[in-house]
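Here is the structure we will look at, set down as structure tokens.
The values are calculated or read from the model by the stated rules, or taken from the named source; none is laboratory data. All of these numbers come straight from a predicted model, not from anything done at the bench. Cβ: placed from backbone, ideal geometry, glycine included. Neighbour counts: every protein chain shown. To get the accessible areas, we keep the full protein, side chains included, count just its heavy atoms, and leave off ligands, DNA and RNA. Shrake-Rupley method; radii C 1.70, N 1.55, O 1.52, S 1.80 Å.
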Amino acid sequence: MDTPDGLKYSKDHEWVRVEGDIGTIGITDFAQGELGDVVYVELPEAGKTISKGESFGTIEAVKAVSELYSPVSGEVVEINDKLEGDPALVNQSPYDDGWMVKLKLADPGELSDLMEAAAYKEMVGE
Amino acid sequence: MQQVEIEAKKTPLYDRHVALNAKLIEFAGFKMPIMYSSINEEHLLVRRSAGIFDLSHMGEFVISGSDAESFLQRVTVNDVSALDVWQVQYSCMCYEHGGIVDDILVYRLPDKYMLVVNAACLDKDLEWLGSHLQGDGHLENKSDDYGLIAVQGPNAQRLVAKLTDYDLDSIAFYHAAQVKIDGHELLISRTGYTGEDGFEMYISPDLSPVIWDKVMNAGGEFETGPVGLGARDSLRLEMKYMLYGNDIDQTTNPVAAGLGWIIKLDKGDFIGRDAIVRMKEEKPPSRLVAFEMLERSIPRKGYEIYIGETRVGAVTSGCFSPSLRKGIGLGYVKRGSTKVGTELAVLIRGKMIPGVIVKPPFYKHGSHR
């Protein structure tokens, strides 16, 4: 299982990569492994405002469907529209090509509630 | 607090699955591989070349004695007397009220019959069958004496041929033979649950890992690999094959399920016959239909089916079809709304997602003979 340093992790198995005031969000390698083959990813439209803990979309895998919960609050500035044609990117590259949304962070202070890689690894028992 | 857990049984191939890093789930009291790497990839491997399955959880009963045939005529809906020696028949057992006890395979062997039953139904089947035994009929549960390995796919015969000199072409679809595989006499049949050509091999538990390794390593110039229960489910669903507990159970009957083709009323009396005759005359209030989704969504078991504003039924099985790249499903829909081409909607997480009733099977290019 891959859990890169430098990202922030939520207990719902999302990650955030912060660059300036933009946070890029996806799901972890552990999460994609548990879900199995992802077949549909439903994402919000750009411009939508999302609160921390709110569902911003769904991810449908062969075995089950899961809600995507935002680890931070902000406005959606970009979505990964490659996932519509190639949802398996979430399985193949959860931290890079499989990213889901970019948010303009409303409150960077929320990031301190999230876990570092080491704490997340411990949570999932690695 | 002390927790008492009944430990799941392990098939003779359990260690192989662990070594292959399979994701294991508990299914019908067994620890079974749901997938090894990817359900989608395993599914497509079977459609494209050949996949190898551990089905050792399935139950095997042996019926013998001079009254074996008349016993099976009474407890199954299909006509056992039509079977030649070494022929196999899909059938089901019904209660008096027409509900289904289990769907099964009946093997006619030289001096006995073998029934292959669903693992989840094993205890119930054994009890029900036992209660109807009469005369010189003997019923034995041989499930612990058999492992079961299936090889399925257009290259299945080429794969099995690498392990035997036997003329596999001489085994017709839904027929069996005693075949020397890797030096061991095994019962194998040209049967399966995928829509592809393939064989099912009944093997003693001791020998099962040996044969598994041989089959796994026999691929060579064509692709093969292990396939878990996840892909087994989507493969069978693409063919509209029933899964007991989902699409059929004690509350459904074979007429409504579209299994009329296995009911042989001419053979004489059998358990459930009167109810089935009545059901055929009155027409069932709902029927099992096959439908596909018109938008990107997966119907799943229990989701409600609507036509317009009216709820007409519920999904009994659904999945993402790896071959068709869309959501497909089965469900019982009220009489009058079951025609091919009928537009319906499935309520998926609060949204009505459109779908359409289609003619089964969903997948029409299977290699089965």
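Residue-by-condition table, conditions (1) open to solvent by 50 Å² or more (accessible area, probe 1.4 Å); (2) in contact (Cβ under 8 Å) with a residue 40 or more places away in the chain; (3) within 25 Å of B:D249 (Cα to Cα):
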position	(1), (2), (3)
B:L294	yes, yes, no
B:R311	yes, no, yes
B:A314	no, no, yes
B:G350	yes, no, no
B:I353	no, yes, no
B:Y363	no, yes, yes
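Counting only strands (runs of 3 or more DSSP E) that fall entirely inside segment B:200-309 and contain at least 1 residues that are within 14 Å of chain A (Cβ to nearest Cβ) and of a type outside the set (D, E), the qualifying elements are B:286-293. Annotation: of all residues in segment B:153-184 being at pLDDT 95 or above, in a loop (DSSP other than H, G, I, E, B) and small (G, A, S), the one that is surrounded by the most Cβ atoms within 10 Å (Cβ to Cβ) is B:G153. Taking the criterion of being part of a strand (DSSP E or B), touching a residue at least 60 places away in the same chain (Cβ under 8 Å) and under 19 Å from A:V65 (Cβ atoms), the residues of segment A:1-38 that qualify are A:I25, A:G26, A:I27. Scanning segment B:180-200 turns up one or more residues that are under 21 Å from the mean Cα position of the chain (by Cα), aromatic (F, W, Y) and farther than 17 Å from B:L13 by Cβ.
Within segment A:39-83, the residues that satisfy the criterion of being of a type in the set (A, V, I, L, M, F, W, C) and not in a strand (DSSP E or B) are A:L43, A:A46, A:V62, A:A64, A:V72, A:L83. Residues in segment A:47-58: is at least one of a type in the set (K, R) and farther than 15 Å from A:D12 by Cα? Yes, because at least one residue in segment A:47-58 is of a type in the set (K, R) and farther than 15 Å from A:D12 by Cα. Inspect segment B:331-346 for any residue being in contact with a strand residue (DSSP E or B) (Cβ under 7 Å, 6 or more places away or on another chain) and either within 14 Å of chain A (Cβ to nearest Cβ) or under 21 Å from A:V38 (Cα atoms) (or both) and give the result as yes or no. Yes: segment B:331-346 contains one or more residues that are in contact with a strand residue (DSSP E or B) (Cβ under 7 Å, 6 or more places away or on another chain) and either within 14 Å of chain A (Cβ to nearest Cβ) or under 21 Å from A:V38 (Cα atoms) (or both).
Among the residues of segment B:310-324, those identified as in contact with a Leu (Cβ under 9 Å, 6 or more places away or on another chain) and within 14 Å of chain A (Cβ to nearest Cβ) are B:V315, B:S317, B:G318, B:C319, B:S321, B:P322, B:S323.
Within segment B:132-152, the set of residues being of a type in the set (G, A, S) and either in contact with a helix residue (DSSP H, G or I) (Cβ under 7 Å, 6 or more places away or on another chain) or open to solvent by 10 Å² or more (accessible area, probe 1.4 Å) (or both) comprises B:G135, B:G137, B:S143, B:G147. Here A:G6 passes the criteria (1) more than 14 Å from chain B (Cβ to nearest Cβ); (2) on the phi < 0 side of the Ramachandran plot; (3) open to solvent by 50 Å² or more (accessible area, probe 1.4 Å) except the one numbered (2). When B:Y90, B:Y14, B:Y36 are screened for being outside the structural domain of B:S321 (by TED's automatic domain parsing), open to solvent by less than 60 Å² (accessible area, probe 1.4 Å) and without any contact (Cβ under 8 Å) to a residue 60 or more places away in the chain, only B:Y14 passes.
Within segment A:37-55, the set of residues being away from chain B (no Cβ under 14 Å) and not charged (D, E, K, R) comprises A:P44, A:A46, A:G47, A:T49, A:I50, A:S51, A:G53.
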